[in-house]
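Visitor: Mind having a look at this structure? Questions to follow.
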Amino acid sequence: MKPLTLYLRSRSVPAGLAVLLGCAVTLWALGLAVDNRDGRSLLVLLATVAAVVAIAPGLAGPDHDLDRVAGIAWSPRRAVHVVVAAAIVVGLLGATAQIGDPMSGMALIARNAAGLAGLVALGAVTLGAARATLLPILWAVLVMQVTPPMGAPPDRPVYKEMLTWLAQPIGSTPATVTAVILGVVGTLAYALFGSRR
Amino acid sequence: MRIELRRSTAVWAGLLLAATGAFLLRALNPPYGSWMEVAVVQRDMMQLTWPLALAAGAWQAYRERRSRVEELVGTTPRPRWRRVQPIAAAMALAAAVGYLLMLAGGAVNIEDVGGYVSPGAVPIVAIGVLAMVGAVWLGLAIGTLLPSPLTAPLLVVVGFTGLSVLPQMFIEHNREPGAALLLPFLPGSRPPVFEFKVLSAGANLSQLVWLVAIAATGFALFAAARPRTRMAAITPAIVGAAIAIPALPAELSDAWVPDPKATALICTEPPQVCVPRISRASLDDLREPGRRALAILAAKLPNPPTRVVAVLPDTFGRPSETPPADALPALVGGGFGAPGSGIDTPAGGSDGLLWALLDGAGTQPCPDLEGTPEDPNEEYYLARRAAAAWLIGRVPPEEQQLPGGQVKSSGEGTVTQVLNALHALRAEEQQSRVAAFREAERTCAAGDRLEILTGTPGSE
């Protein structure tokens with residue numbers, strides 16, 4: 001138990017969890033206040049982005065070299081870290097969104113969280129853990145303009161549907177495919193290469 | 001300063017802002033009609049770029065903290081507010097240049113770049129630059145107070161939620177209160193017919209005061225070394241609010257005033273074809289069909305109009321007043337003209353324009369008679385189309401469709417039928433009926449239009 005506690009602390013997981021809880025509470029409070037249907041699902045999306053972003057700092061330890069020389073098989077642990085973090089986000093936000101009048105479907109939250117977590121992991125591999133949030137934030141913010149109620153996401157051609165995967169309804173196959181690809185590739189890349197220093 | 005630009009993230013932040021903004025201006029919005037429109041859309045987009053600038057500031061402040069030289073630098077005898085000047089200046093410069101680059105990116109998409117540049121666009125751009133500078137300074141302050149790698153990304157999400165999402169949920173559309181002017185982005189006039197409107201001087205000034213106060217507070221918070229000075233740093237914001245809030249209009253739409261220069265008519269030599277200055281580009285398209293329409297009306301009707309005057313849609317996308325008898329109205333501007341009447345409908349090119357001009361014997365449709373968009377008064381459109389067909393002397397090209405584009409429902413008959421019924425009358429009778437129709441349409445008198453054209457009143 002002790003090694004796990006130490007690991008979590010070294011990855012500043014308590015702070016990340018605090019942010020996550022903050023997102024859930026904010027989402028719950030806004031859910032009480034907003035009754036516009038599209039607006040509610042948009043808020044869930046924003047909360048998902050914020051919560052997934054909170055994973056990023058935990059993707060690298062305080063000392064890169066120390067991690068590297070440790071005689072530990074990092075790859076599976078890194079993969080587990082990302083997957084568990086994404087699962088916690090989905091579980092907590094999903095549960096919050098189901099309180100009272102459901103704000104958004106569980107499947108939608110899972111798809112978006114999976115894709116975004118993959119993006120964060122990819123960001124950690126390419127830019128380093130501290131800057132890893134740049135990719136998901138920029139992508140999400142650019143897509144927000146076409147999210148209801150502000151706009152309607154395009155339903156063709158396929159590449160546009162893939163680029164706006166965050167805004168697509170759950171039935172959209174290209175969006176699901178994009179999210180899965182991002183999630184898998186991101187997790188794999190992070191498991192293999194770890195965070196850039 | 002140059003060192004600061006090289007060692008900080010300022011250049012990257014500016015480039016990122018410019019790239020994001022230019023991408024949005026280019027990709028997500030249709031081509032712009034005028035400079036004014038680009039300026040306003042760019043300001044409206046600040047609901048997104050403003051939080052990004054905030055995050056850029058916060059990120060830079062966090063980087064300073066992370067470099068772990070804070071204590072070392074703190075031992076130098078220069079006071080903190082002097083020490084932070086270069087980085088604040090560098091970030092401000094980056095934000096301002098980023099904003100202007102964004103505008104340049106948007107300007108590429110203006111339809112008529114050499115066209116009318118409204119003087120109202122200048123303060124809108126200037127205040128936008130100011131708001132961006134305020135955003136990075138405020139971001140620097142927040143990043144210093146909350147040094148965490150999560151501050152910057154969460155600021156984007158929170159800022160975007162607060163600026164863009166929540167106001168939309170709680171404020172009724174079209175009825176934004178004047179306090180919306182306090183937001184760093186500028187909600188365009190609603191509905192967005194801001195091409196020929198400018199922001200009133202009062203609204204510009206109160207925004208200026210408020211945003212200067214925000215920027216001052218941001219800088220002071222960033223530069224303050226002690227908690228007590230931080231408290232004092234909030235003063236400018238309070239003073240700014242105290243000045244700006246009483247000056248705000250009651251409703252946002254009051255802040256937008258018409259721009260007489262933009263709507264001033266520019267005409268060709270007689271026979272005159274006139275368009276508002278703002279839509280100068282449409283003059284070339286309008287000239288030839290406009291003159292043809294005038295010639296046709298002069299040949300077939302008594303008291304024909306002598307010039308084509310383009311009218312701008314009012315807030316409901318319709319011409320606002322009864323046009324004089326000597327003017328042939330043509331709707332320009334905005335893509336939301338009444339069905340079948342806009343000269344924006346390029347279908348059929350010059351011929352299509354001619355039909356649009358002569359629709360309803362050269363009149364604009366009357367709002368009372370049009371019906372609702374869900375349930376258009378198809379009989380009314382049929383009568384208008386038939387009048388145009390009589391004037392031009394042939395059946396419209398899209399006989400199976402009504403001008404609105406709906407497939408004709410059975411029961412009302414076709415333009416051909418109405419035209420045949422009209423042609424069955426005596427020549428003078430035809431002429432007086434169409435003239436009566438035009439008069440009724442021009443003044444928007446009540447009554448069944450088909451009755452005027454083909455009915456059998458007692459006077460026959």
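Visitor: Just checking, which of B:Val40, B:Val117, B:Val122 is under 35 Å from the mean Cα position of the chain (by Cα), more than 26 Å from A:Ala50 (Cβ to Cβ) and free of Cβ contacts under 8 Å to residues at least 24 places away in the same chain?
Guide: On the way: B:Val40 fails: free of Cβ contacts under 8 Å to residues at least 24 places away in the same chain; B:Val117 fails: free of Cβ contacts under 8 Å to residues at least 24 places away in the same chain.
Being under 35 Å from the mean Cα position of the chain (by Cα), more than 26 Å from A:Ala50 (Cβ to Cβ) and free of Cβ contacts under 8 Å to residues at least 24 places away in the same chain holds for just one of B:Val40, B:Val117, B:Val122, which is B:Val122.
Visitor: Based on this model, can you work out whether A:Gly71 counts as outside any helix (DSSP H, G or I) and free of Cβ contacts under 8 Å to residues at least 24 places away in the same chain? Steps first, answer last, please.
Guide: On the way: outside any helix (DSSP H, G or I): yes; free of Cβ contacts under 8 Å to residues at least 24 places away in the same chain: yes.
Against the criterion (outside any helix (DSSP H, G or I) and free of Cβ contacts under 8 Å to residues at least 24 places away in the same chain), A:Gly71 qualifies.
Visitor: Something else about it: Just to verify a result, which residue in the range A:96-107, among those that are assigned to a helix (DSSP H, G or I) and free of Cβ contacts under 8 Å to residues at least 40 places away in the same chain, is surrounded by the fewest Cβ atoms within 10 Å (Cβ to Cβ)?
Guide: So the first thing to find is which residues in the range A:96-107 are assigned to a helix (DSSP H, G or I), and the list is A:96-98, A:106-107.
Filter once more, keeping what is free of Cβ contacts under 8 Å to residues at least 40 places away in the same chain: A:98, A:106.
Values: A:Gln98: 14, A:Met106: 16.
This residue is A:Gln98.
Visitor: Scan A:Arg78, A:Arg68 and give me the residue that is at pLDDT 90 or above, away from chain B (no Cβ under 14 Å) and closer than 19 Å to A:Arg197 by Cα. If you could, list the steps in order and put the result at the bottom.
Guide: Working: A:Arg68 fails: at pLDDT 90 or above.
Going through A:Arg78, A:Arg68 in turn, the sole match is A:Arg78.
Visitor: Separate question: Which condition does A:Leu119 not pass, out of (1) surrounded by fewer than 23 Cβ atoms within 10 Å (Cβ to Cβ); (2) modelled with pLDDT of 90 or more; (3) in contact with a Phe, Trp or Tyr (Cβ under 8 Å, 6 or more places away or on another chain), if it passes all the others?
Guide: Single failed check for A:Leu119: (1).
Visitor: Residues being more than 18 Å from A:Ala113 (Cα to Cα) and either surrounded by 15 or more Cβ atoms within 10 Å (Cβ to Cβ) or touching a Lys or Arg at 6+ places or on another chain (Cβ under 9 Å) (or both): count how many of those fall in the range A:14-26.
Guide: 1
Visitor: A further question on this structure: Could you list, in sequence order, all residues of the range A:31-47 that are out of contact with any Gly (no Cβ under 9 Å at 6 or more places or on another chain) and in a helix (DSSP H, G or I)?
Guide: To start, the set of residues in the range A:31-47 that are out of contact with any Gly (no Cβ under 9 Å at 6 or more places or on another chain) comprises A:33-39, A:42, A:45-47.
Across the range A:31-47, the qualifying residues are A:Ala33, A:Arg37, A:Asp38, A:Gly39, A:Leu42, A:Leu45, A:Leu46, A:Ala47.
Visitor: Looking only at the range B:23-41, which residues are within 12 Å of another protein chain (Cβ to nearest Cβ) and modelled with pLDDT of 75 or more?
Guide: B:Phe23, B:Leu24, B:Leu25, B:Val41
Visitor: Filter the range B:126-168 for residues that are β-branched (Val, Ile, Thr), closer than 23 Å to A:Ala129 by Cβ and facing chain A (nearest Cβ under 8 Å) and give the result.
Guide: The first filter runs over the range B:126-168 and keeps only residues β-branched (Val, Ile, Thr), leaving B:127, B:129, B:133, B:136, B:142, B:144, B:151, B:156-158, B:161, B:165.
With the extra rule that they be closer than 23 Å to A:Ala129 by Cβ, the set shrinks to B:142, B:144, B:151, B:156-158.
Selection gives B:Val156, B:Val157, B:Val158.
Visitor: Of the conditions (1) within 11 Å of another protein chain (Cβ to nearest Cβ); (2) touching a residue at least 24 places away in the same chain (Cβ under 8 Å); (3) in contact with a helix residue (DSSP H, G or I) (Cβ under 8 Å, 6 or more places away or on another chain); (4) surrounded by fewer than 22 Cβ atoms within 10 Å (Cβ to Cβ), A:Leu127 fails just one. Which one is it?
Guide: Of (1) within 11 Å of another protein chain (Cβ to nearest Cβ); (2) touching a residue at least 24 places away in the same chain (Cβ under 8 Å); (3) in contact with a helix residue (DSSP H, G or I) (Cβ under 8 Å, 6 or more places away or on another chain); (4) surrounded by fewer than 22 Cβ atoms within 10 Å (Cβ to Cβ), only one is false for A:Leu127: (1).
Visitor: Report yes if some residue within the range A:49-56 is loosely packed, with under 13 Cβ neighbours inside 10 Å, within 14 Å of chain B (Cβ to nearest Cβ), at pLDDT 80 or above and in a loop (DSSP other than H, G, I, E, B); otherwise report no. Walk me through it before giving the result.
Guide: Going residue by residue through the range A:49-56, those that are loosely packed, with under 13 Cβ neighbours inside 10 Å are none.
No, the range A:49-56 contains no residue that is loosely packed, with under 13 Cβ neighbours inside 10 Å, within 14 Å of chain B (Cβ to nearest Cβ), at pLDDT 80 or above and in a loop (DSSP other than H, G, I, E, B).
Visitor: Cβ-Cβ below 9 Å, separation at least six or inter-chain, first residue in the range B:222-237 and assigned by TED's automatic domain parsing to the domain that holds B:Val136 and crowded, with 19+ Cβ neighbours inside 10 Å, second of a type outside the set (Asp, Glu) and in a loop (DSSP other than H, G, I, E, B): which pairs?
Guide: B:Phe222/B:Val84; B:Ala223/B:Pro79; B:Ala223/B:Val84; B:Ala233/B:Ala224
Visitor: Continuing with this model, one more query. Within the bounds of the range A:58-81, is there any residue that is among the β-branched types (Val, Ile, Thr) and crowded, with 21+ Cβ neighbours inside 10 Å?
Guide: No, because not a single residue in the range A:58-81 is among the β-branched types (Val, Ile, Thr) and crowded, with 21+ Cβ neighbours inside 10 Å.
Visitor: Restrict the check to the range A:101-121 and report whether at least one residue is within 11 Å of the chain's Cα centre (by Cα) and within 11 Å of chain B (Cβ to nearest Cβ). Give the derivation first.
Guide: Residues of the range A:101-121 within 11 Å of the chain's Cα centre (by Cα): A:109-121.
Those left that are additionally within 11 Å of chain B (Cβ to nearest Cβ): A:120.
Checked against the condition, which is being within 11 Å of the chain's Cα centre (by Cα) and within 11 Å of chain B (Cβ to nearest Cβ), the range A:101-121 yields at least one hit.
Visitor: Hey, another quick one. Which one of these does A:Leu142 not meet: (1) more than 14 Å from chain B (Cβ to nearest Cβ); (2) under 15 Å from A:Leu42 (Cα atoms); (3) within 19 Å of the chain's Cα centre (by Cα)?
Guide: For A:Leu142, the exception is condition (1).
Visitor: Taking A:Gly171, is it in contact with a helix residue (DSSP H, G or I) (Cβ under 7 Å, 6 or more places away or on another chain) and more than 14 Å from chain B (Cβ to nearest Cβ)?
Guide: Values: in contact with a helix residue (DSSP H, G or I) (Cβ under 7 Å, 6 or more places away or on another chain): no; more than 14 Å from chain B (Cβ to nearest Cβ): yes.
So A:Gly171 fails the test.
Visitor: Let me spell it out: the conditions are (1) surrounded by fewer than 15 Cβ atoms within 10 Å (Cβ to Cβ); (2) more than 20 Å from A:Ala114 (Cα to Cα); (3) away from chain B (no Cβ under 12 Å); (4) of a type in the set (A, V, I, L, M, F, W, C), and A:Ala33 meets all of them except one. Which number is the exception?
Guide: So the condition that A:Ala33 fails would be (3).
The values are calculated or read from the model by the stated rules, or taken from the named source; none is laboratory data. Note that this is a predicted model, so its numbers are computed, not measured. Glycine gets a Cβ as well: all are built from the backbone with ideal geometry, and neighbour counts include every protein chain shown.
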